[in-house]
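Worksheet for the structure shown next.
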Amino acid sequence: MASSIAHTPAKIGIEVRGVDLKSEQSKDIIEKIKSDVHKHRLVIFKDQGQISGARHVQISEWFGDIESTFYKHPKSPHPDVFRVSNDEREGCRNVGRTGWHIDGSFMMEPFNYAIYHMVSIPKTGATAFIGFEELLNSLSPERRASWERLWMVGNSRDVVHPLIYSHPVTRKPVLCFHLGMIGCFIWNYGSKHQRVTDRKETIKILQEIHGEIVKEDEKLVYKHNWEPGDFIISDNRAVGHEATPETQFPVSDVGLRVLHRTTLAGTSKPKK
């Protein structure tokens, strides 16, 4: 890739300069980008200017089939582009504020990738990311062993996924959860020792996961402070994310925030 590459301040993600995503890219460059997404989990393209909704979708299709969310906003530039904002007249509000998560954990096959472009940048309002490899490596042996025995159950009760499983491409251990959309957990799912958590125990485990993510002054968390022209491709199965509280500050305080996002259809069910 004819570009300059720098690592983010955290251990996850790289920043790429010198690639104009608005222009057509060769097959070799596209394959390099796809490889880098799995290697670094976040690939942050800088100085892209304004990328149209149609081009956002074209780039997304490098990675597979787009699966649109059921949220639609009349100001979205394309039916497959999810538009979020701190102003309900401009986009869907309060998105990403219900807890740390991956996108599509409530589906049988969670989304493979999420692709973001900030088209109107407020004074403040970062997107926070957590690398699952770093998070799992930071656990005590006892806590890691405990989490290995847990399966999450979505709010609708029709989806059960292991909390920890192997990424289908990299084979590295990753997590599947949405801390705001879990109805309960199951210990030792599928065995004769299977047990469903009650509400009290479920809340305790959710708080435990959250605590591990933000421990030691959030040393494992990368907060991306958006700059004009940023375009991010993320390996949705390898990183968790959450919108910071500032993303919902009123326009009168921080200015207008508008983020475009696409999600790529999952192709495998999490399994041990």
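The values are calculated or read from the model by the stated rules, or taken from the named source; none is laboratory data. Here the structure is a predicted model, which means the values were calculated and not measured. As a convention, Cβ positions derive from the backbone with ideal geometry for all residues, glycine included, and neighbour counts pool all protein chains shown. For accessibility, only protein heavy atoms count, side chains too; no ligands or nucleic acids. Shrake-Rupley method; radii C 1.70, N 1.55, O 1.52, S 1.80 Å.
Observations, loosely collected:
- Out of Arg237, Arg199, sole residue that is closer than 22 Å to Arg143 by Cα and either under 17 Å from the mean Cα position of the chain (by Cα) or modelled with pLDDT under 95 (or both): Arg237
- Checklist (1) surrounded by fewer than 18 Cβ atoms within 10 Å (Cβ to Cβ); (2) within 14 Å of Tyr116 (Cβ to Cβ) applied to Arg41, failing item: (1)
- When segment 175-199 is filtered for residues that are of a type outside the set (Gly, Ala, Ser), in a loop (DSSP other than H, G, I, E, B) and surrounded by fewer than 14 Cβ atoms within 10 Å (Cβ to Cβ), the ones remaining, listed by number, are Asn188, Lys192, His193, Gln194, Asp198.
- Enumeration of residues in segment 58-93 that are touching a helix residue (DSSP H, G or I) at 6+ places or on another chain (Cβ under 6 Å) and either of a type in the set (S, T, N, Q) or in a loop (DSSP other than H, G, I, E, B) (or both): Pro77, His78, Asp80, Val81, Asn86, Asp87
- Taken residue by residue, segment 3-15 has at least one member that is in contact with a Lys or Arg (Cβ under 7 Å, 6 or more places away or on another chain), crowded, with 19+ Cβ neighbours inside 10 Å and at positive phi.
- The set of residues in segment 206-262 that are more than 24 Å from Glu15 (Cα to Cα), in contact with a helix residue (DSSP H, G or I) (Cβ under 9 Å, 6 or more places away or on another chain) and among the β-branched types (Val, Ile, Thr) comprises Ile209, Val254.
- Among the criteria (1) hydrophobic (A, V, I, L, M, F, W, C); (2) assigned to a strand (DSSP E or B); (3) at pLDDT below 95, the one Ile115 does not fulfil is (3).
- Pick from segment 200-253, criterion acidic (Asp, Glu) and within 30 Å of Arg149 (Cα to Cα), ranking: most open to solvent (accessible area, probe 1.4 Å): Asp217
- Residue within segment 241-263 that is over 15 Å from Thr127 (Cα atoms) and in a strand (DSSP E or B) present: yes
- Test: residue in segment 129-138 that is polar (S, T, N, Q), open to solvent by 50 Å² or more (accessible area, probe 1.4 Å) and in a loop (DSSP other than H, G, I, E, B): no
- Test: residue in segment 85-102 that is open to solvent by 10 Å² or more (accessible area, probe 1.4 Å), charged (D, E, K, R) and within 15 Å of the chain's Cα centre (by Cα): yes
- Segment 108-128 - residue that is in contact with a Gly (Cβ under 7 Å, 6 or more places away or on another chain) and under 25 Å from Gly154 (Cα atoms) and, of those, surrounded by the most Cβ atoms within 10 Å (Cβ to Cβ): Pro110
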